[in-house]
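Participant: I'd like to ask you about the structure that follows.
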Ligand SMILES: *Cc1c(COP(=O)(O)O)cnc(C)c1O
């Protein structure tokens, strides 16, 4: 078995166990393979192991890998997205996890309308109020979603967070809990056109805790492919 296949086997067991601890099934959680910096050969191995949803944080990498990976995979844009690049990915990705400005949302609306596409989006929340991170503050999230709800070519599916980098994943449990609370609170407002069923949170270091607290998508790169090589 290849290293990637072995890694995925271990991950699958841990995802399933964490899902069970949270009273859910493995199928209720999407294990998104984060493929940034990874060559297509490695990505193909992950797809062969059943991971067909792929996350990239740069538009350029989706553009480069889109044709080689071909049909049967689902791309998610998970990193910062500049408005002027929406046009390149509007018909290539299934979901944009990182919507955090009205300008970006308006561009997705415009490009979606032109191609008759309704884009599934998540609102990125800066849950730990970190200066270095993108995202809407928890306090402003509801008002922001009310603006997005007026746009016909994007569908608000939920919330996304990049939790702080920590040594001990338990340190992020409270942030994941707050994300779940925010999702429940906003759903309770019954905003027209908004039913948030997705919570994208948890990475290699903390995906088990994230699932225990309600994550429906975990974004895992290193845990599948090993350490990234940024030199290439
Ligand atoms: C790189 C990245 C991940 C995956 O990080 P790992 O620690 O390698 O699992 C998840 N989410 C985002 C937004 C990323 O940029």
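Participant: Can you list the residues of the range 190-204 with backbone N under 16 Å from a point 7 Å past the Cα of residue 149, pointing along Cα to Cβ?
Facilitator: 190-198
Participant: Given an 8 Å cut-off on Cα distances and at least 6 residues of separation, report the relative contact order of the chain as a percent.
Facilitator: Details: 438 pairs, mean separation 48.5, N = 232.
Value for the chain: 21 percent.
Participant: Treat each spin label as a single point 7 Å out from the Cα along the C-beta direction, and report the residue 10 to residue 83 distance in nm.
Facilitator: With each label point 7 Å from Cα toward Cβ, the separation is 4.4 nm.
Participant: Cβ neighbours within 10 Å, averaged per peptide: list 49-62, 205-218, 188-201 in order, most packed at the top. If you can, show how the numbers build up before the last one.
Facilitator: Values: 49-62: 18.9, 205-218: 23.8, 188-201: 16.0.
Ranking, from highest mean packing down: 205-218, 49-62, 188-201.
Participant: May I ask you to list the residues of the range 171-210 whose amide nitrogen lies under 12 Å from a point 7 Å from Cα along the Cα→beta-carbon direction of residue 131?
Facilitator: Once the point is set 7 Å along Cα→Cβ of residue 131, nothing inside the range 171-210 turns out to lie under 12 Å by backbone N.
Participant: Does the range 1-104 come out rounded, prolate or oblate, given a ≥ b ≥ c as the square roots of the eigenvalues of its C-alpha gyration tensor, rounded meaning a/c under 1.5 and, failing that, prolate meaning a/b above b/c?
Facilitator: On the way: a/c = 2.58, a/b = 1.42, b/c = 1.82.
The shape class here is oblate.
Participant: Just want to confirm a number: the relative contact order over the range 139-230, from Cα pairs under 8 angstrom separated by 6+ residues, in percent. Before the final figure, lay out each step's value.
Facilitator: Details: 123 pairs, mean separation 25.6, N = 92.
Relative contact order for the range 139-230 comes out at 28 percent.
Participant: Would you please classify the overall shape of the chain from the alpha carbon gyration tensor, given that a ≥ b ≥ c denote the square roots of the eigenvalues, rounded means a/c under 1.5, and beyond that prolate means a/b larger than b/c while oblate covers the rest? All intermediate terms of the calculation are to be shown ahead of the outcome.
Facilitator: Values: a/c = 1.68, a/b = 1.15, b/c = 1.46.
Because a/c hits 1.5 or more and a/b fails to exceed b/c, the chain counts as oblate.
Participant: Next question. So how do 20-30, 171-181, 108-118 stack up, highest first, on mean other-Cβ count within 10 Å? It would help to have the intermediate numbers written out before the result.
Facilitator: Details: 20-30: 13.5, 171-181: 18.5, 108-118: 15.5.
Highest-to-lowest ranking by the protection proxy: 171-181, 108-118, 20-30.
Readers should treat all values here as calculations from the given coordinates under stated rules, not as data from a laboratory. All values derive from a computational prediction rather than experimental measurement. We place every Cβ from the backbone using ideal geometry, glycine too, and count neighbours over all the protein chains shown.
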